[in-house]
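> Quick one: structure below, then a few questions.
The values are calculated or read from the model by the stated rules, or taken from the named source; none is laboratory data. Note that the structure is a prediction, hence the values are computed from the model and not measured. Positions of Cβ are backbone-derived with ideal geometry, glycine not excepted, and every protein chain shown enters the neighbour counts.
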């Protein structure tokens, strides 16, 4: 079946690629825009920088070769009443018809762009070459010598602004002697100065008050630049004074604000708390203390646009708040002669509670089962925007066949989790200012899971205390697990259960024995990706993740203090040997945007887990595995490694295919085809290894002189459906190099589809 589907897909793709001539739907007397090229005679000016000024580009070529969407469009006939013709036309893209007016517009836009970059003598010529019904266009850019900044002066009539700009801000100016006379940089400097002044109390100042005077001598490329502050009147048309500082007088919180209301806000009945004022109405849904803690605008202090931005960010983190708007109004002058503002923070309430239900059914070889899950969430449980959540899940499956010697005739699972998240850093002895700056959340959770299988009954209990916060305007994220406890207890099991499944396998025996893990960990994540900024999405994106965790050290120190010597079977708590280990992980990915439809993504990652002290083996759930949708995609999940270990891809062998060290490397080309469809082509490499030489995993130990020979290679293609909010991914991976002992190593030389392929379906990109 898989071969049939693959063959059909290849056949359709080939049909599109070789469909009919790309000029099939080009009218007589017109031309298909075939190729567009930009040539520059200056190394400083890149063709890619000018591509955005093109007003007409050829049909997209997949992999730079095939016009897939045009080929799809050309499969249609001229009869628009037929559904097939309409479907392929909507899915594909029509031919781009050469337009001389758009070509001329592109040329003029490039000249203007060069002029703005300081190349005022630049010229752009457009040449065309026709071949049948195809047209090629070449834009030749003659940059010539650019104008440059010879000197920068300031002409500011206002003494206060003059001191601030010339003495405090000029050292960090974007205008440098010798740089090109770039108008974009000039505008950025205007915005920079305006932002600095607005952060320093100048509420009414804006960049339009800043102008430039450029003086050039005849036949000279040198520009003497003067930055001017308009000598306008001290009061603008709105009644504000742009060259004077403003102080905050009163700050009002309006809790039940209606954005559609036009009536003036009545402040006569406002309540007061810590010099802030509150208009709460009949339903004060959030505590005053919470509002004050998340407000960075303070009465009596200078106005600062940075405080306004931080206040927006803080209230955006409160789940009970649906809408926030901050408004300022003039409050005249104080008795001391200071300009004053009143601030109105307008809030509207979101739905405080929600309930969701999940139902699923299963059929495993005739054994029927079902599962039911429910989630309840309250986003304002203590009126401080605390999020309380509880989840419950139950599953049942009937079992048939010979059940003699077993303790149960069914599979039953009951589980639940209760958690609460506070939108602040909860820890004793922390100053209020520190908590405000951290933009943190504190999470507490308790979970419980009861499993009843024919062979055993298992109880899993856990609790966690975690902190999350962001820095550097949200680009740095930090997760700190102060306490994370997992306790696994098997109250009942068949007498020969472990002897049957794992007579000589310590890995498997450990997984089904009582164990206790008490850990703490830290994760650092940074990225330049800002999903809310559509312009930023069109730039290269990088992400970095580094994590570390340790377990058992506190318990081990306590054990050594209370015990004279370590028992032969290790220290125990509650009669259970606890785990002691250290684990570190690192992942880096980079996505290079070729153009709006093509990109290349790269990922490298590694990790190591080291058992020590009270442990001989890393806990099974903390060990690494390889293969699967986010690893080396030529292998199914948990079927690769460790090292040269040959698990024969058997389900029963998955317990042995885990390790203490991991290495992953991935390279992927992504091309948007049509509608929501995206094509991916990838090469993967990686494997896992063990630190020690375990008898149950021959060939799995990491050795510095031979590990590179055990790096598996895979390649493949994938289809993705990008629905903006989520992405469905279908990947077909093929083994290229298989390091497993007893296997054909260079599988790519004698490819066997059944043996060497793996199909993956998941949500999201692999990295």
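> For segment 757-764, indicate whether the set of residues that are part of a helix (DSSP H, G or I) and under 30 Å from residue 706 (Cβ atoms) is non-empty.
Step one: of segment 757-764, the residues part of a helix (DSSP H, G or I) are none.
No - not one qualifying residue is present in segment 757-764.
> I'd like to know if segment 433-448 contains one or more residues that are in contact (Cβ under 8 Å) with a residue 24 or more places away in the chain, closer than 27 Å to residue 474 by Cβ and touching a helix residue (DSSP H, G or I) at 6+ places or on another chain (Cβ under 6 Å).
Restricting attention to segment 433-448, the residues satisfying the condition of being in contact (Cβ under 8 Å) with a residue 24 or more places away in the chain are 435-436, 438-448.
Those still in the list that are closer than 27 Å to residue 474 by Cβ too: 435-436, 438-445.
Pick out the ones that are also touching a helix residue (DSSP H, G or I) at 6+ places or on another chain (Cβ under 6 Å) and you get none.
No, because not a single residue in segment 433-448 is in contact (Cβ under 8 Å) with a residue 24 or more places away in the chain, closer than 27 Å to residue 474 by Cβ and touching a helix residue (DSSP H, G or I) at 6+ places or on another chain (Cβ under 6 Å).
> Within segment 372-393, does at least one residue satisfy the condition of being farther than 21 Å from residue 462 by Cα, loosely packed, with under 15 Cβ neighbours inside 10 Å and at pLDDT 85 or above? Give the derivation first.
We begin by selecting, within segment 372-393, every residue farther than 21 Å from residue 462 by Cα; these are 372, 378-386.
Filter again for loosely packed, with under 15 Cβ neighbours inside 10 Å, leaving 372, 382.
Add one more test, that the residue is at pLDDT 85 or above, and what stays is 372, 382.
Yes, that holds for at least one residue.
> Here is a list of conditions, (1) surrounded by 19 or more Cβ atoms within 10 Å (Cβ to Cβ); (2) within 15 Å of residue 34 (Cβ to Cβ); (3) outside the structural domain of residue 57 (by TED's automatic domain parsing), and residue 136 meets all of them except one; can you say which number that is?
All conditions are met except number (1).
> While we're here: If I filter segment 276-288 for residues that are touching a helix residue (DSSP H, G or I) at 6+ places or on another chain (Cβ under 7 Å) and either at pLDDT below 85 or outside the structural domain of residue 193 (by TED's automatic domain parsing) (or both), do I get at least one hit?
To start, the set of residues in segment 276-288 that are touching a helix residue (DSSP H, G or I) at 6+ places or on another chain (Cβ under 7 Å) comprises 276, 278.
Restricting the remaining residues to those that are either at pLDDT below 85 or outside the structural domain of residue 193 (by TED's automatic domain parsing) (or both) gives 276, 278.
Scanning segment 276-288, I find at least one residue that is touching a helix residue (DSSP H, G or I) at 6+ places or on another chain (Cβ under 7 Å) and either at pLDDT below 85 or outside the structural domain of residue 193 (by TED's automatic domain parsing) (or both), so the answer is yes.
Per-residue answers, yes or no, for (1) closer than 30 Å to residue 280 by Cα; (2) touching a strand residue (DSSP E or B) at 6+ places or on another chain (Cβ under 9 Å); (3) modelled with pLDDT of 90 or more:
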| site | (1), (2), (3) |
| --- | --- |
| 160 | no, no, no |
| 165 | no, yes, no |
| 171 | no, no, no |
| 181 | no, yes, yes |
| 188 | no, no, yes |
| 192 | no, no, yes |
| 205 | no, no, yes |
| 218 | no, no, no |
| 248 | yes, yes, yes |
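> Can you give me the number of residues within segment 587-599 that are surrounded by 15 or more Cβ atoms within 10 Å (Cβ to Cβ) and part of a strand (DSSP E or B)?
8
> While we're looking at this one, here's another question. Kindly evaluate residue 569 against the criterion of being part of a loop (DSSP other than H, G, I, E, B), in contact (Cβ under 8 Å) with a residue 60 or more places away in the chain and surrounded by fewer than 20 Cβ atoms within 10 Å (Cβ to Cβ). Even if it seems obvious, please write down each step before you answer.
Details: part of a loop (DSSP other than H, G, I, E, B): yes; in contact (Cβ under 8 Å) with a residue 60 or more places away in the chain: no; surrounded by fewer than 20 Cβ atoms within 10 Å (Cβ to Cβ): yes.
For residue 569, the condition - part of a loop (DSSP other than H, G, I, E, B), in contact (Cβ under 8 Å) with a residue 60 or more places away in the chain and surrounded by fewer than 20 Cβ atoms within 10 Å (Cβ to Cβ) - is not met.
> Let me ask something additional. Please work out if residue 116 is under 29 Å from residue 593 (Cβ atoms) and touching a helix residue (DSSP H, G or I) at 6+ places or on another chain (Cβ under 6 Å).
Values: under 29 Å from residue 593 (Cβ atoms): yes; touching a helix residue (DSSP H, G or I) at 6+ places or on another chain (Cβ under 6 Å): yes.
So residue 116 passes the test.
> Restricting attention to segment 50-59, which residues are touching a residue at least 12 places away in the same chain (Cβ under 8 Å) and out of contact with any helix residue (DSSP H, G or I) (no Cβ under 6 Å at 6 or more places or on another chain)? Steps first, answer last, please.
First, the residues of segment 50-59 that are touching a residue at least 12 places away in the same chain (Cβ under 8 Å): 50-51, 53-59.
Once the filter is applied, which keeps residues that are touching a residue at least 12 places away in the same chain (Cβ under 8 Å) and out of contact with any helix residue (DSSP H, G or I) (no Cβ under 6 Å at 6 or more places or on another chain), segment 50-59 yields 51, 57, 58.
> If you take the residues in segment 153-192 that are surrounded by 19 or more Cβ atoms within 10 Å (Cβ to Cβ) and over 26 Å from residue 221 (Cβ atoms), which one is nearest to the chain's Cα centre (by Cα)?
Looking at residues that are surrounded by 19 or more Cβ atoms within 10 Å (Cβ to Cβ) and over 26 Å from residue 221 (Cβ atoms), I get 165.
> Follow-up. Scan 619, 642, 611 and give me the residue that is surrounded by 20 or more Cβ atoms within 10 Å (Cβ to Cβ), modelled with pLDDT under 90 and more than 30 Å from residue 58 (Cα to Cα). Let's see the steps before the verdict.
Details: 642 fails: modelled with pLDDT under 90; 611 fails: modelled with pLDDT under 90.
Unique residue meeting the criteria: 619.
So that you can scan it fast, the table gives a plain yes or no per residue for (1) without any contact (Cβ under 8 Å) to a residue 12 or more places away in the chain; (2) over 18 Å from residue 604 (Cβ atoms):
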| position | (1), (2) |
| --- | --- |
| 668 | no, no |
| 689 | no, no |
| 695 | no, yes |
| 704 | yes, yes |
| 708 | yes, no |
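> How many of the residues making up segment 722-750 are surrounded by fewer than 16 Cβ atoms within 10 Å (Cβ to Cβ), in contact (Cβ under 8 Å) with a residue 12 or more places away in the chain and over 23 Å from residue 642 (Cα atoms)?
The number of residues fulfilling the criteria is 5.
> Could you tell me whether any residue of segment 286-293 is part of a strand (DSSP E or B) and either touching a residue at least 12 places away in the same chain (Cβ under 8 Å) or over 30 Å from residue 434 (Cα atoms) (or both)? Give the steps one after another, and end with the answer.
Within segment 286-293, the first condition is being part of a strand (DSSP E or B), and the residues that meet it are none.
Checked segment 286-293: no residue is part of a strand (DSSP E or B) and either touching a residue at least 12 places away in the same chain (Cβ under 8 Å) or over 30 Å from residue 434 (Cα atoms) (or both).
> Suppose we keep only residues that are at pLDDT 95 or above and part of a loop (DSSP other than H, G, I, E, B) within segment 302-329. Which one would you say is surrounded by the most Cβ atoms within 10 Å (Cβ to Cβ)?
Within segment 302-329, the match that is surrounded by the most Cβ atoms within 10 Å (Cβ to Cβ) is 303.
> Let me ask you something else. Quick one: how many residues across segment 243-274 are assigned to a loop (DSSP other than H, G, I, E, B) and over 40 Å from the mean Cα position of the chain (by Cα)? Spell out how you get there, then give the answer.
Narrowing segment 243-274 to residues assigned to a loop (DSSP other than H, G, I, E, B): 243-245, 255-270, 274.
Still in the running and over 40 Å from the mean Cα position of the chain (by Cα): 243-244, 263-270.
Qualifying residue count for the region: 10.
> Could you check segment 96-108 and list, in sequence order, the residues that are assigned to a helix (DSSP H, G or I) and surrounded by 15 or more Cβ atoms within 10 Å (Cβ to Cβ)?
102, 103, 105, 106, 107
> For the condition free of Cβ contacts under 8 Å to residues at least 60 places away in the same chain and part of a loop (DSSP other than H, G, I, E, B), what is the one hit in 337, 361, 373, 369?
Numbers: 361 fails: part of a loop (DSSP other than H, G, I, E, B); 373 fails: part of a loop (DSSP other than H, G, I, E, B); 369 fails: part of a loop (DSSP other than H, G, I, E, B).
Matching residue, one of 337, 361, 373, 369: 337.
> Could you tell me which of the residues 600, 541, 535, 604 is at pLDDT below 85 and within 23 Å of the chain's Cα centre (by Cα)? Let's see the steps before the verdict.
Numbers: 600 fails: at pLDDT below 85; 541 fails: at pLDDT below 85; 604 fails: at pLDDT below 85.
Going through 600, 541, 535, 604 in turn, just one is at pLDDT below 85 and within 23 Å of the chain's Cα centre (by Cα): 535.
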